[in-house]
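Report on the following structure.
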Amino acid sequence: MFGFYTEAVAETIMLGEKVGIHADTLYEVLSNSYGQNRIYERNYLEYMKNDNYQPGFSTNLLLKDLKLAKDLAEEAGVSLRIGEKLVDLYSDISQQGYGENDMSATYLSLKEQCKIGQI
């Protein structure tokens with residue numbers, strides 16, 4: 001769930017920025033609705049808002065856990081439709097150089113992909 005929520009936070013903030021909604025405004029709105037969750041609070045307030053990606057929980061650790069869940073699911077004969085895509089996504093993010101950063105650096109990866117802040 002953490003991998004899914006972490007990517008969702010990055011995508012939400014990126015989409016907001018692309019359409020002109022400041023990340024603080026988006027956070028305030030979603031924090032007072034069903035969009036509120038602890039991962040959003042953690043990733044945005046502690047890391048993204050402060051442009052601080054020193055690891056509290058690194059992308060590589062999250063990837064390790066996602067792979068363990070995928071292996072467990074395979075052993076149990078359960079299909080993790082989103083979980084399998086998350087393993088691929090976080091593998092790519094790690095290979096981009098964000099593996100040792102906090103998992104909230106998914107935002108940096110997406111920002112790079114969307115070319116936000118680049119001239």
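The values are calculated or read from the model by the stated rules, or taken from the named source; none is laboratory data. In this text the structure is predicted, and so the values were computed from the model without any measurement. When we count neighbours, we look across all protein chains shown, and the Cβ atoms used for this are built from the backbone with ideal geometry, even at glycine. For the accessible areas, the whole protein counts, side chains as well, though only heavy atoms, and no ligand, DNA or RNA atoms are used. Shrake-Rupley method; radii C 1.70, N 1.55, O 1.52, S 1.80 Å.
Descriptive notes on the structure:
- Area projected by the alpha carbon convex hull of the range 1-72, averaged over all directions, nm²: 5.3 nm²
- Here's the picture: charge each Lys and Arg Cβ at +1 and each Asp and Glu Cβ at -1 in the chain, and of I21, L66, V87 the one pushed furthest to the positive end of that dipole is I21.
- For the chain, the relative contact order comes to 36 percent (Cα pairs under 8 Å, sequence separation of at least 6).
- In the chain, the DSSP-assigned H stretches of four residues or longer account for a calculated mean residue ellipticity at 222 nm of -17500 deg cm²/dmol, using -39500 (n - 2.57) per stretch and the full residue count as denominator.
- Bins of 5 Å from zero: percent of alpha-carbon pairs in the range 35-104: 4, 17, 21, 20, 20, 12, 5, 2, 0
- Residue separation of N37 and K85 scaled by 0.36 nm, minus their Cα-Cα distance, works out to 15.1 nm of gained length.
- Angle between the chain longest axis and helix 81-93 axis [Cα atoms, degrees, rounded to 10]: 70 degrees
- Residues whose amide H falls under 5 Å from that of G35, counting only those 5 or more places apart or on a different chain, are absent, with hydrogens built in the peptide plane.
- Heavy-atom accessible area, probed at 1.4 angstrom with all protein chains present, ranks M1, M14 as M1, M14, highest first.
- Computed over protein heavy atoms with a 1.4 Å probe, the accessible surface of the chain works out to 62 Å² per residue.
- Near Y27, once Lys and Arg are set to +1 and Asp and Glu to -1 for all other residues with Cβ below 9 Å from its Cβ, the sum equals -2.
- For the chain, the share of accessible area belonging to carbon and sulfur comes to 54 percent (1.4 Å probe, ligands and nucleic acids excluded).
- Counted by Cβ distance under 12 Å from L45, the other residues give a net charge of -1, where Lys and Arg count +1 and Asp and Glu count -1.
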